[in-house]
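Below you'll find the structure I mean.
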Amino acid sequence: MNGSSRILDNVDRERRDAVEERVEELLADMTLEQKAGQLTQFSAGFLTGTDIESGNVEDAVAAGLVGSLLNVESLADAREFQELAVEESPHGIPLVLALDVIHGYRTTFPAPIGEAATWDPDLVERSSAIAATEAAANGVHWTFAPDVDVTRDPRWGRVMETSGEDPTLASAFARARVRGFQGDDLAGEETLAACAKHYVGYGASEGGRDYNTVNVSETNLREQHLPPFAAAVDEGVATVMNAFNVHERIPASGSEYLVDEVLKGDLGFGGLLVSDWNSFGEIAVHGAADGEREAAKAAITAGSHVDMVSGVYDHLPDLVREGEVDEATVDEAVRRVLELKGALGLFEDPYRYFDEERAESAVLTDGARETARESARESAVLLENDEGLLPLSPDDDVALVGPYADEPAHMLSSWTAEGRPDDVTTLRAAMADRHEGDLTHVRACDPDGTPVDGGREAALDAAADADVVLVTVGEPRRWGGEAASRAHLDLPGEQGDLVAALAEADAPVACALFSSRPLAVPDLADSVAALLEAWFPGTEAGPGVADVLYGDSDPGGRLPVSVPRTEGQVPVYYNHLNTGRPVPEEEEHHYPPTEDETVFCSRYLDVPNEPLYPFGYGRSYADVEYVDWAFGPETVADGESVTVEVTVENGSDRPATEVVQVYTRDRVGSRARPVKELAAFEKVHLGPGERRAVTAEVDAEDLAFWTADEEWAAEPGTFDLMVGRSSADIAFSGAFELVE
Ligand code: BGC
């Protein structure tokens, strides 16, 4: 990469020239301390990590020793800080202001794992654009999103920030979010600079414990973790954030291999890199640098740029003066910061995002709420529905039981930006609005499952009088997100017992599950007639979930992640390798196995290998049939595609939502290849009785992997092609050849 950054690639010629000129003028005139300042980011308000004292932020800004701030608490504060930077600091360089706008600013959309369950990147592009509009109207320039980590570990609390276990799905959402946040022009008043994070491998923290050791092979890095970063870079993401973890025992922030060779070299990233909270300082804590000075040296030498809060760049001027770091390396990093400011339009008008009137009028509009409701209903995954218990009839007498029916704060999940419980419509409120039969609400226990006095009895009494019991259970919102790992994936407290007791009553039980992660709840699944995974659906939780519960909308969600039966199966994921001893499909299996059964295969004695619910799974109220398919050509070469056409038919008299999923299997490779890989998907809404041909493309380049020659390439050979409604429910399969 040369000096011209891709941050400016989309900026028109005239503005780009002006920004580049200004940047070079500034660089020529700045002291080493001022340069280190541009690379320093302080927190101006609440902490989103370890307790770190940033000193007097106002003084540092006025002295030109800070380039960016995160977590500024109000528009008034933002204006004050910007005035200090522009009017008092030596060069008057404006600040760039950052915030974690993860799944909405004021209007809160479902947690990202729920948004991924929509399998609808266009919808997520729209929700990200709304988040950007609201945040930019409130003085935010830069969001630390999207999180594009891929994870196979639901114990890891940050699974809620991801798009799940699959690199293809995660890449599609990475692109959608970057487009949604950034739009066409970073200087637009409705856009934010995006940040793909956490680079890289963070989703593989051992044991699902946050901040833990990561040990991924090169193949795994290339095939599982890098693709969504490559997609985000290709989509023009302006910034990337370093991860906390090590790669090959070297902290990601200080890894020349990851940053310089792979991100800037192989992926061609030309934007700005920011550390994670104190991740430069933690290079020393990892024991990979001897103190802060060495940590600073490792980070800048690796090619990382901005330091979030650790303060280790205080050592940068001396490192340069003493010849340990090239000033050109520092200049290159500062150039990226200044280019970001230029691209955001801050040199032209540092106050352009501070408009008190718009700050109010741009948030929580009817349109934003409508999109939040659509997202909530499209993210809900129907896991069980015995005897068609759902949808509910508005005339039924319903006992609405459990701790999540009327808990507005929990609906917002973790990372709430400006999301407010007061803005949330809960399920109880939404149902009360439309239900015609009796609706009795009993909370029964707290969200963490702590019993409340008389709760169980009241719940059973209500159930005794009801036609249907709708029980809401889950895990508290703070049990997901950062620093929220769990060793157990069960329902906390007495919730499981509560559902079991309700299941003994006469009325059938439907359950809405609210969680940040897939929970291993086989007993719950067995005891209820209907089970809906609602995730944490956001501001419009109640109306969105009610749309599905009453059947105004077919459940739109499909699992972006496998749901384990038990923690002991983790990691359990669909795109696994075959192993040398796969479980024979033709045999019947028992747990524990009988004497005649094969045990010398890759299996457990006590549970099946398969998850409780597989990747891609989700039921519909309708009856969608996969009628027919065709694909061609049967032989493709590099640069060509196989076109798959699938005919689906809604055989019912209600609307249907179907997600047609296309998988491939590379039968033989220079390395062992997964048994299945998602290649393409199409979400369709079908009217009653509607038949539709759905088309998807599998490009030869989608077949590429990290070959034994250590290159990203597709190898000629035979590929199975499978089409179905989930990774475990394949309707049609065939094969095609990839030739040289
Ligand atoms: C998190 C990041 C976040 C940052 C700033 C860190 O602790 O890991 O995802 O963007 O804080 O809030």
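Where a number appears in this text, it was derived from the coordinates with a stated rule and is not lab data. Remember, predicted model here, so these are calculated numbers, not experimental data. Counting neighbours? That spans all protein chains shown, and the Cβs are built from the backbone with ideal geometry, glycine included.
Put +1 on the Cβ of every Lys and Arg and -1 on every Asp and Glu Cβ in region 124-241; which of TRP156, GLN182, PHE144 then has its Cα farthest towards the positive end of the dipole?
Toward the positive end, the furthest listed residue is TRP156.
If packing is taken as the mean number of other Cβ atoms within 10 Å per residue, what is the order of 589-597, 411-419, 286-294, 469-477, highest first?
Order by mean packing, descending: 469-477, 411-419, 286-294, 589-597.
Along the charge dipole of region 699-740, pointing to its positive end and built from +1/-1 on Cβ of Lys, Arg, Asp and Glu, which listed residue (GLY734, GLY717, ALA700) has its Cα farthest out?
GLY734
Taking the simple approach of a point 7 Å from Cα along Cα-to-Cβ for both TYR604 and HIS488, what is their distance in nm?
About 1.6 nm, to one decimal.
At a Förster radius of 25 Å, what calculated FRET efficiency corresponds to the Cβ-Cβ distance of THR707 and ALA735, to the nearest 0.05?
It comes out at approximately 0.75.
Can you give the helix-only mean residue ellipticity at 222 nm for the chain, where every DSSP H stretch with n ≥ 4 adds -39500 (n - 2.57) and the sum goes over all residues, rounded to the nearest 500 deg cm²/dmol?
-7500 deg cm²/dmol
Sticking with this structure for a sec: So what is the relative contact order of the chain, in percent, for Cα pairs below 8 Å that sit 6 or more residues apart?
That works out to 13 percent.
Ranked highest first by average number of other Cβ atoms within 10 Å, how do 560-568, 137-145, 42-50 line up?
Answer by packing, highest mean first, reads 137-145, 560-568, 42-50.
Let me ask something else about it. So which trypsin sites (Lys or Arg not before Pro) in region 575-668 end up in coil per DSSP with only 16 or fewer other C-beta atoms within 10 Å?
ARG667
Can you tell me, using C-alpha contacts under 8 Å and at least 6 residues apart, the relative contact order of region 147-251 as a whole percent?
35 percent
Here is a follow-up. Report the net charge of residues surrounding HIS576, where surrounding means a beta-carbon distance below 10 angstrom and charges are Lys +1, Arg +1, Asp -1, Glu -1.
So the surrounding residues net to +2.
Still on this structure, please answer the following. Treating the beta-carbon of each Lys and Arg as +1 and of each Asp and Glu as -1, no other charges, what is the dipole magnitude of region 255-401 about its Cα centre, to the nearest 20 debye?
Charge dipole, region 255-401, about its Cα centre: 480 debye, nearest 20.
Ratio of region 24-116's C-alpha Rg to 2.2 N^0.38 Å, to two decimals?
Normalised Cα radius of gyration, region 24-116: 1.26.
Say R0 is 22 Å: what FRET efficiency, to the nearest 0.05, do ASP51 and SER74 get from their beta-carbon distance?
E between ASP51 and SER74, to the nearest 0.05, is 0.50.
Hey, another quick one. List the GluC sites (Glu not before Pro) in region 1-105 that DSSP assigns to loop (not H, G, I, E or B) and whose Cβ has at most 13 other Cβ atoms within 10 Å. Which are they?
Sparse-neighbourhood loop GluC sites (Glu not before Pro): GLU53, GLU73.
Can you grab the distance from the C-alpha centre of region 442-470 to the C-alpha centre of region 299-333, Å, no decimals?
59 Å
Another question, if that's okay. Pull up the cross-link candidates among the lysines for LYS197, meaning alpha carbon to alpha carbon under 19 Å and not fewer than 8 places away within one chain.
Leaving aside lysines fewer than 8 places away in the same chain, those within reach of LYS197 are LYS264.
Also, quick follow-up: Magnitude of the Cβ-charge dipole of the chain, K/R +1 and D/E -1, about the Cα centre, nearest 20 debye?
Taking the Cα centre of the chain as origin, the dipole is about 540 debye.
Setting aside same-chain residues fewer than 8 positions from LYS297, which lysines have a Cα under 16 Å from its Cα?
LYS35
How much length, in nm to one decimal, is gained on full extension between GLU348 and ARG581, taken as 0.36 nm per residue of separation minus their Cα-Cα distance?
Between GLU348 and ARG581, full extension yields an extra 77.5 nm.
For SER393 and ALA693, calculate 0.36 nm times their separation in residues minus their Cα-Cα distance, and state this gained length in nm to one decimal.
104.8 nm
Separation between the VAL285 and VAL452 pseudo-spin-labels, each 7 Å from Cα along Cα→Cβ, expressed in nm?
3.8 nm
Another question about this same structure. Can you tell me the dipole magnitude for region 529-670 around its Cα centre, using point charges on the Cβ only (Lys, Arg +1; Asp, Glu -1), in Debye to the nearest 20?
The dipole of region 529-670 has a size of about 520 debye.
Still on this model: Extension gain GLU24-ALA432, at 0.36 nm per residue separation less the Cα-Cα distance, in nm?
Residue separation times 0.36 nm, minus the Cα-Cα distance, leaves 140.7 nm.
Please report the net charge: other residues with Cβ closer than 9 Å to the Cβ of GLU597, K and R +1, D and E -1.
Around GLU597, the surrounding residues sum to -4.
Put +1 on the Cβ of each Lys and Arg and -1 on the Cβ of each Asp and Glu in region 413-496; which of ALA444, TRP415, VAL468 then has its Cα farthest toward the positive end of the dipole?
The one lying farthest along the dipole's positive direction is TRP415.
Students often get this wrong: which residues of region 181-203 have the backbone nitrogen under 14 Å from the point 7 angstrom along Cα-to-C-beta of GLU14?
none
Using 1/(1 + (r/R0)^6) with R0 = 41 angstrom and r between the beta carbons of GLU261 and ASP422, what's the FRET efficiency to the nearest 0.05?
FRET efficiency, GLU261 to ASP422: 0.25.
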